[in-house]
1. Of everything in the range 17-50, what is among the charged types (D, E, K, R) and either modelled with pLDDT of 95 or more or more than 22 Å from ARG96 (Cα to Cα) (or both)? Give them in sequence order.
2. Report yes if GLY36 is surrounded by fewer than 20 Cβ atoms within 10 Å (Cβ to Cβ), away from the ligand (no atom under 16 Å from the Cβ) and under 15 Å from the mean Cα position of the chain (by Cα), otherwise no.
3. Of the residues LEU80, LEU19, which is touching a helix residue (DSSP H, G or I) at 6+ places or on another chain (Cβ under 8 Å), part of a loop (DSSP other than H, G, I, E, B), of a type in the set (A, V, I, L, M, F, W, C) and within 12 Å of the ligand (Cβ to nearest atom)?
4. For the range 205-238, give me each residue that is in a helix (DSSP H, G or I) and surrounded by 17 or more Cβ atoms within 10 Å (Cβ to Cβ).
5. Has the range 163-179 got any residue that is part of a strand (DSSP E or B) and touching a strand residue (DSSP E or B) at 6+ places or on another chain (Cβ under 7 Å)?
6. With the requirement that a residue be of a type in the set (Gly, Ala, Ser), buried (at least 21 other Cβ atoms within 10 Å of the Cβ) and either at pLDDT below 95 or touching a strand residue (DSSP E or B) at 6+ places or on another chain (Cβ under 7 Å) (or both), what does the range 51-90 give you?
7. Could we say that ASP16 is in contact (Cβ under 8 Å) with a residue 60 or more places away in the chain, in contact with a Lys or Arg (Cβ under 7 Å, 6 or more places away or on another chain) and not aliphatic (A, V, I, L, M) here?
8. Which is of a type outside the set (A, V, I, L, M, F, W, C) and in contact with a Gly (Cβ under 6 Å, 6 or more places away or on another chain), of TYR147, TYR218, TYR133?
Amino acid sequence: MNNSIDLLAIMAHPDDAELLCGGTLAVTADQGHRVGIVDLTRGELGSKGSAEIRAAEAQQAAEILGAASRETLGLPDGHLANTDAMRRLVVEAVRRHRPQTIVTHYVVGRHPDHRVASELVRDAAFLSGLKNYPADGAPFRPSKVIYTLSYREDHVKPTFVVNTTAGFERKLKAMAAFASQWDGDTKGGGEAYPTGQHLFDLVRTQDAHAGSRIRAAYGEPFWTPETMAVADVVGLGVHS
Ligand SMILES: [Zn+2]
């Protein structure tokens, strides 16, 4: 019996996973992979709702996306730091879930927690594989860490874009589950700068743009520092 997770999103705040890679989580679950979400904090600095309400909303959102598990590590919102104590908790989460692939924040972020989470998760993914690293759980190193580029404006070309067309409406539904956070007046959130549109319209525009880069209706962009391999150069997609 193998309860390990195939794709694990480890993000700073509840709702980050939905906003940044919710479509990818949904379509990956559709493919039969086990998808999980770890929220580093409870988002207790959020000005709306409460941590308890957000926790219930987060579970509902995870179900909509088809995630097999969701948990929070309860690290301090607004105070994430790449310290030994915080790394250890993330290492233990990695060892619990044993993910093949981890998705986390891009290395630069609008919110400082996002930037720190990126480094914290990358370091924990490596340390988790060290036999003598002092943390609970059996040593395990994921084979891949990928970084979400959703809504980022850095001059970084996505390493790849996931076609999220089949999961896009579920992404919006999962975002809507966070009713205490996003109401009819919400114009921006997380990495998405406000444009005057409602956040959901903004997400539709941005995800449609990402999708257009691979000739799909909707997509989510990702970056990896490693180069992607091609097995068959004649079978390359995305029409020139
Ligand atoms: Zn966040």
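The values are calculated or read from the model by the stated rules, or taken from the named source; none is laboratory data. Predicted model only: the values in this text are computed from it and were never measured. In this analysis, Cβ positions are derived from the backbone assuming ideal geometry, glycine residues included, and neighbour counts consider all displayed protein chains.
1. GLU18, ASP30, ARG34, ASP39, GLU44, LYS48
2. Considered against the rule, which asks whether it is surrounded by fewer than 20 Cβ atoms within 10 Å (Cβ to Cβ), away from the ligand (no atom under 16 Å from the Cβ) and under 15 Å from the mean Cα position of the chain (by Cα), GLY36 comes out as no.
3. The match here is LEU80.
4. Listed by number, the residues that qualify are GLN206, ASP207, ALA210, GLY211.
5. yes
6. Hits for the range 51-90 are ALA58, ALA62, ALA67.
7. no
8. TYR218
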